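A.B. asks: Here's a structure for you.
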Amino acid sequence: MTMDRGIMSKTGVAVRPGSTTGAIIRPGSTIGILGGGQLGRMIALKAREMGYRIASLDPAADSPCGQVADKEFVDALDNLETARQLAAAADVLTYEFENVSDEMVKILEQEAYLPQGGKVLQQTRHRIREKMALEAAEIPVAPWRPVRSAADLTQAVAELGLPAVLKTATGGYDGKGQYVMRQESDVEQAWKSLGGGAVELVLEAWVSFDKEISVIAARNPNGEVRTFPTAENIHRDNILHMSFVPARIPAEADQAAQELAQKIAAELDVVGLIAVEMFWQEGRILVNELAPRPHNSGHYTMDACVTSQFEQHVRAICNLPLGDTKLLTPVVMVNILGEHVQPVLDKAHLLNGGIKLHLYGKAEAREKRKMGHLNVLAPSVEDALKTIERLEIWSR
């Protein structure tokens, strides 16, 4: 499969390791996915529709992605030997989440074809590096300070004021690894609960906002960029609950969000997808976080857009022309967590043709664990919300 440390794909296209010089990975080739979760599963399902084969690597056997892969490797994601076996079985590699070690990615960039590369991954998996990269690209973010000691935290609170949010620099998701400090008595507790100096932290000023929004941008190695319609997001317990599309924001705010996502994709030299989470308040938009992969807030694209985010990711990493991102119908995406699975199954007979069910193949339905989602298609976002309310699954 290799010659002079270059790769000859199964379709006969020579690819230089680490390059993003326009090689096309054609259907019939094999895509190797680092990570076996639901995002990998949905990438794999769409890729197989397009004619690709799939190899996956995940610590758990019968992972959501492994269930639909042609070849499943079961090992720790930092096991270089097994990762090399995955690379040898694939024509192109991709990752489905950020927790892949920088060291392993660097080696895979040298020895295999990983068009996403390690630079964006290194930036976005670390909140301090991410904010520095955004500021270097002149992208607006909330005021922030790095925190490496208790003295740093005291100084940062004095400068940014309260309320503020203390976050771990790495590893946080779905509300984990963060603490909202509303008064002085919270500062010491936040410091202790997030590691007390054992890990890098970042303090972010509290942002008053009208809506949380997100835009997913795609870019291929040839530099073509496309964005998906802006989503308006609602969180519960720091976990995404619903996404509304079209977002209920003014047209000029929508345009500004689209332009920010396009600029980030270009400035950070993204290949694949980049999800850009933002805060919108009348007159301004601040970027909150980035994710260099398909994103929960883009699941609506599976049923409501000409091209889904998962097909677009495959197109981007394989350097195919990017697909049309046009919204075909208003839609509301609602997450199915562990506590919602049985109620959804009990009401399956009520899920009509405008309600699209997606379950992720996870064996254990734990509370707050993402198990699937519904895409509810309707003439308007308000009509879709009424349909969800009638199911009486997410009521409080």
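A.B. asks: Quick one: which of 122, 85 is polar (S, T, N, Q) and under 27 Å from residue 240 (Cα atoms)? I'd like the intermediate steps shown before the answer.
C.D. replies: Numbers: 85 fails: under 27 Å from residue 240 (Cα atoms).
Residue meeting the stated conditions: 122.
Residues are listed down the side, and each one gets a yes or a no for (1) touching a Gly at 6+ places or on another chain (Cβ under 7 Å); (2) among the small types (Gly, Ala, Ser); (3) under 17 Å from residue 97 (Cβ atoms); (4) modelled with pLDDT under 95:
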{"position": "36", "(1), (2), (3), (4)": "yes, yes, yes, no"}
{"position": "39", "(1), (2), (3), (4)": "no, no, yes, no"}
{"position": "44", "(1), (2), (3), (4)": "no, yes, yes, no"}
{"position": "48", "(1), (2), (3), (4)": "no, no, no, no"}
{"position": "56", "(1), (2), (3), (4)": "yes, yes, yes, no"}
{"position": "63", "(1), (2), (3), (4)": "yes, yes, yes, no"}
{"position": "66", "(1), (2), (3), (4)": "yes, yes, yes, no"}
{"position": "69", "(1), (2), (3), (4)": "no, yes, yes, no"}
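A.B. asks: Quick one: would you say residue 159 is at pLDDT 95 or above, closer than 26 Å to residue 253 by Cα and either out of contact with any Cys (no Cβ under 8 Å at 6 or more places or on another chain) or not in a helix (DSSP H, G or I) (or both)? Spell out the reasoning first.
C.D. replies: Numbers: at pLDDT 95 or above: yes; closer than 26 Å to residue 253 by Cα: no; either out of contact with any Cys (no Cβ under 8 Å at 6 or more places or on another chain) or not in a helix (DSSP H, G or I) (or both): yes.
Judged against the criteria, residue 159 is not a match.
A.B. asks: Can you tell me which residues in region 344-367 are in contact (Cβ under 8 Å) with a residue 40 or more places away in the chain, surrounded by fewer than 16 Cβ atoms within 10 Å (Cβ to Cβ) and not in a loop (DSSP other than H, G, I, E, B)?
C.D. replies: 350
A.B. asks: For residue 83, only one of the following conditions fails: (1) surrounded by fewer than 23 Cβ atoms within 10 Å (Cβ to Cβ); (2) closer than 25 Å to residue 106 by Cβ; (3) modelled with pLDDT of 95 or more; (4) not basic (Lys, Arg). What is its number?
C.D. replies: Against the list (1) surrounded by fewer than 23 Cβ atoms within 10 Å (Cβ to Cβ); (2) closer than 25 Å to residue 106 by Cβ; (3) modelled with pLDDT of 95 or more; (4) not basic (Lys, Arg), residue 83 comes up short only on (1).
A.B. asks: Then there is this: Just the residues that are in contact with a strand residue (DSSP E or B) (Cβ under 9 Å, 6 or more places away or on another chain), under 14 Å from residue 35 (Cβ atoms) and either of a type in the set (Asp, Glu) or in contact (Cβ under 8 Å) with a residue 60 or more places away in the chain (or both), please, taken from region 69-100.
C.D. replies: Residues satisfying the conditions are 72, 75, 90, 93, 94, 95, 96, 97, 98, 100.
A.B. asks: Additional query: Looking at (1) over 18 Å from the mean Cα position of the chain (by Cα); (2) surrounded by 18 or more Cβ atoms within 10 Å (Cβ to Cβ); (3) acidic (Asp, Glu), which is the only condition residue 103 fails?
C.D. replies: In the conditions (1) over 18 Å from the mean Cα position of the chain (by Cα); (2) surrounded by 18 or more Cβ atoms within 10 Å (Cβ to Cβ); (3) acidic (Asp, Glu), residue 103 misses (2) alone.
A.B. asks: Can you spot a residue in region 188-205 that is under 22 Å from the mean Cα position of the chain (by Cα), loosely packed, with under 15 Cβ neighbours inside 10 Å and touching a residue at least 24 places away in the same chain (Cβ under 8 Å)?
C.D. replies: Among the residues of region 188-205, not one is under 22 Å from the mean Cα position of the chain (by Cα), loosely packed, with under 15 Cβ neighbours inside 10 Å and touching a residue at least 24 places away in the same chain (Cβ under 8 Å), which makes the answer no.
A.B. asks: Search region 46-67 for residues being among the hydrophobic types (A, V, I, L, M, F, W, C) and surrounded by fewer than 20 Cβ atoms within 10 Å (Cβ to Cβ), and hand back the single one that is farthest from residue 78 (Cα to Cα). Walk me through how you get there before you give the answer.
C.D. replies: The initial filter retains those residues of region 46-67 that are among the hydrophobic types (A, V, I, L, M, F, W, C), namely 47, 50, 54-55, 57, 60-61, 65.
Those still in the list that are surrounded by fewer than 20 Cβ atoms within 10 Å (Cβ to Cβ) too: 50, 60-61.
Working: 50: 29, 60: 13, 61: 16 Å.
This residue is 50.
Every residue, every condition in (1) at pLDDT below 95; (2) in a loop (DSSP other than H, G, I, E, B); (3) farther than 18 Å from residue 146 by Cβ, yes or no:
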| site | (1), (2), (3) |
| --- | --- |
| 183 | no, yes, yes |
| 190 | no, no, no |
| 195 | yes, yes, no |
| 198 | yes, yes, no |
| 208 | yes, yes, yes |
| 212 | no, no, yes |
| 216 | no, no, yes |
| 226 | no, no, yes |
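A.B. asks: Could you look through region 249-285, keep only residues that are surrounded by fewer than 18 Cβ atoms within 10 Å (Cβ to Cβ) and touching a residue at least 60 places away in the same chain (Cβ under 8 Å), and pick out the one that is nearest to residue 325 (Cα to Cα)?
C.D. replies: Looking at the filtered set, the residue picked out is 263.
A.B. asks: Report, by residue number, each residue of region 199-229 that is among the β-branched types (Val, Ile, Thr) and over 23 Å from residue 116 (Cα atoms). Spell out the reasoning first.
C.D. replies: So in region 199-229, the residues among the β-branched types (Val, Ile, Thr) come out as 199, 202, 207, 213, 215-216, 225, 227.
Those that are among the β-branched types (Val, Ile, Thr) and over 23 Å from residue 116 (Cα atoms): 199, 202, 207, 213.
A.B. asks: If I filter region 206-220 down to residues being of a type outside the set (S, T, N, Q) and buried (at least 22 other Cβ atoms within 10 Å of the Cβ), which single residue comes out as farthest from residue 373 (Cα to Cα)?
C.D. replies: The initial filter retains those residues of region 206-220 that are of a type outside the set (S, T, N, Q), namely 206-207, 209-213, 215-219.
So of that shortlist, the ones also buried (at least 22 other Cβ atoms within 10 Å of the Cβ) come out as 213, 215-219.
Details: 213: 19, 215: 19, 216: 18, 217: 21, 218: 22, 219: 26 Å.
Going through the qualifying residues, I end up with 219.
A.B. asks: Oh, and also: Specify the residue that is farthest from the chain's Cα centre (by Cα); the eligible residues are those in region 228-248 that are buried (at least 20 other Cβ atoms within 10 Å of the Cβ) and not in a strand (DSSP E or B).
C.D. replies: Per the criteria, the residue is 247.
A.B. asks: Hey, any hits in region 4-20 for a residue that's outside the structural domain of residue 314 (by TED's automatic domain parsing), touching a helix residue (DSSP H, G or I) at 6+ places or on another chain (Cβ under 7 Å), surrounded by fewer than 21 Cβ atoms within 10 Å (Cβ to Cβ) and modelled with pLDDT under 95?
C.D. replies: Taking every residue of region 4-20 in turn, at least one turns out to be outside the structural domain of residue 314 (by TED's automatic domain parsing), touching a helix residue (DSSP H, G or I) at 6+ places or on another chain (Cβ under 7 Å), surrounded by fewer than 21 Cβ atoms within 10 Å (Cβ to Cβ) and modelled with pLDDT under 95.
A.B. asks: Which residue pairs have Cβ atoms closer than 8 Å, lie 6 or more positions apart in sequence or on different chains, and pair a first residue in region 370-396 that is modelled with pLDDT of 95 or more with a second residue that is surrounded by fewer than 14 Cβ atoms within 10 Å (Cβ to Cβ) and hydroxyl-bearing (Ser, Thr, Tyr)?
C.D. replies: So the pair list comes out as 389/395.
The values are calculated or read from the model by the stated rules, or taken from the named source; none is laboratory data. Values in this document were obtained by computation on a predicted structure and should not be read as measured data. When we count neighbours, we look across all protein chains shown, and the Cβ atoms used for this are built from the backbone with ideal geometry, even at glycine.
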